[in-house]
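Each remark here refers to the structure printed beneath this line.
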Protein chains: 2
Amino acid sequence: MSAPLIECVPNFSEGRRPEVIEALVAPFRNRRGCALLDHRADADHNRLVITLVGRPEPIKEALIEAAKAAVAYIDLETHRGGHPRIGAVDVIPFVPLRNITMADCVTLARDFGERYYQETGVPVYFYEEAALRPERRQLEKIRQGQFEGLKTAVSDPARRPDVGEPRLHPTAGATVIGARKFLIAFNVNLGTADIEVARKIARAVRASSGGLGHVKGIGLALKDRGLVQVSLNIVDFEKNALYRVVELIRMEARRWGVNLVETEVYGVVPAAALLDSAAYYLQLSGFDPKQVVELRLLEMEEDRESPGKETL
Amino acid sequence: MSAPLIECVPNFSEGRRPEVIEALVAPFRNRRGCALLDHRADADHNRLVITLVGRPEPIKEALIEAAKAAVAYIDLETHRGGHPRIGAVDVIPFVPLRNITMADCVTLARDFGERYYQETGVPVYFYEEAALRPERRQLEKIRQGQFEGLKTAVSDPARRPDVGEPRLHPTAGATVIGARKFLIAFNVNLGTADIEVARKIARAVRASSGGLGHVKGIGLALKDRGLVQVSLNIVDFEKNALYRVVELIRMEARRWGVNLVETEVYGVVPAAALLDSAAYYLQLSGFDPKQVVELRLLEMEEDRESPGKETL
């Protein structure tokens, strides 16, 4: 039996005070079975995004520790920042990675939500795959009005938390916990300074206004470089692969006489998302990811581990 | 410290008798630190190719066991097959994979060659990066005349083995041992039945007649499918990437009005070779293989291991 591996990307409402950021990150460092892949604090957003990969148990332990630090140090009554938020710990998504199903991650999220409330006193909303009400699948809906608005709206039965009393924690607000697919943050930079081109292409490509399913996108200006960017979230890369997004954007850009200058993957990405594109462009027939040496080695490492053994 | 990992692809002169094939493969099964990725017996070639990945020590132990079985069961005096060979164990290449240099693999090959002769009585020639004479870098040169011709030619000082007396083992011949880069076997199938198109393109693409460095290729007919194939060995995929080979073939085929139907990777391939092509076609800027979740996980697994620990 191979150990289940998840990704977890907790978002905290602190992007400015270095000592608080360190207190939030510290529980994830040097913890067996929990790998800290990335952490980025954004001062404008006043937000910290931590990317973890590992086994569920150690990740949950570390999350509780970090959440207690967040409750101790962050006060939403005084918190200001460019990113919408309802909690000191704002969002905790669990993402199935290897040897674990989405259904397992839903159970994991809901069980963790109960424990989280017990240990921190912060009420919990479940979102995406773990949502208990269909209207709570979308994070934006749960976060409507943000901390300030939700303080009063929370007594409305429609806005009542899924775990906890119908009132926010006075300083730490509420936390949104859930399960979702792996999200790829992907940017496409275009050779024009005309922001309208990026906006039109974003509209043509994203699911909300037609385009490709499971793709979100907006048009942005990269003023320093004289370029524009279509900034994308690919919410299900198995349903719409990177190559399809890139080639559709290339096609739409051609209509405006604009070239695709470069693309960027932000943060981490599963091997399958890139191998899939390699196979498409190289026209590989009968390709099996098991042909990739490193993936075979990783599988062997996993198989080597007995279920109870305390390794990653 | 991370454990060194090599690939090793021993070739044996037996592709027909199942019980002998099993005796040759068995030493590589269920051996800690030695992963049997693939083994393919070809009856026409009367040859067995085994693909291994793992740590040098267990691979060397298993090779000695398998070589003793080959010496016991294979008699080159009666062996017939379509593939050139000089030995019961014909070729053993060591390939650096992770945490080991080519220079280390050269030392490994030469040390192993000495031990191999001591334990089997089969003389050894060193080839490619481990060659002691420049003219022995090429396997074809060492194998000239095959077992039958080398039996008498071996007394010529120019053909004398690098390890052992100037005579072949009476039934097991000689073995070529060396170190080389990872070799990718790659086929490109073209939408024509005209074998001349495949031959012309092979000549245009391969290093020996111009074309791309580190690429070998021949044109073949796929009669059953009404297609032709450019069958390639990419000897150094870091110097000439898959995408460059594919796009050059596409360009040459266009000159004959022929389309590229599909490509095939035969056997295993390092992740870098495919990620490189994904990055090219997707126009990824600033991409780092550490962004790939599985590669990061594998690195963590390796870092977890203490140098003396008996794990892969």
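Would you work out the Kirkwood radius for chain A? I mean one over the mean of 1/r across all pairs of different Cα atoms, in Å.
Result for chain A stands at 21.0 Å.
If you place +1 on the Cβ of every Lys and Arg and -1 on the Cβ of every Asp and Glu, how big does the dipole about the Cα centre of region A:184-269 come out, in debye to the nearest 20?
That gives a dipole near 260 debye.
Principal axis extents for the protein assembly as shown, Cα atoms only, whole Å, descending order, please.
Per principal axis, max minus min of the Cα coordinates gives 97, 57, 40 Å.
Under a cut-off of 15 Å between alpha-carbon atoms, report the aspartates and glutamates in cross-link reach of A:Lys290, not counting same-chain residues fewer than 8 places apart.
Output for A:Lys290: A:Asp276, A:Glu299, A:Glu301, A:Glu302, A:Asp303, B:Asp38, B:Glu264, B:Glu294.
Where the label is 7 Å out from Cα toward Cβ, how close does B:Ala103 come to the same position in every other copy, in nm, shortest first?
List, nearest first: 5.6 nm.
State whether region A:28-155 is rounded, prolate or oblate according to the following rule on the C-alpha gyration tensor (a ≥ b ≥ c being the square roots of its eigenvalues): a/c under 1.5 gives rounded; otherwise a/b larger than b/c gives prolate, and the remaining case gives oblate.
oblate
If we count other beta carbons within 10 Å of each Cβ, what is the order of B:Leu97, B:Leu5, fewest first?
B:Leu97, B:Leu5
For region A:147-203, what mean projected area does the convex hull of the alpha carbons give, in nm²?
Spelled out: convex hull of the Cα atoms, projected over all directions, averaged, 7.2 nm².
Evaluated at 37 °C with a viscosity of 0.692 mPa s, what Stokes-Einstein diffusion coefficient in µm²/s does region B:199-247 have when Rh comes from the Kirkwood expression over alpha-carbon pairs?
298 µm²/s
Cα extents of region A:184-269 along the three principal axes, largest first, in whole Å?
Largest to smallest, the principal-axis extents are 32, 27, 18 Å.
Values quoted throughout were computed directly from the atomic coordinates according to the rules given, and no laboratory measurement underlies them. Since the model is a prediction, treat every value here as computed from it, not as a measurement. All Cβ positions, glycine included, derive from the backbone under ideal geometry; neighbour counts span all protein chains shown.
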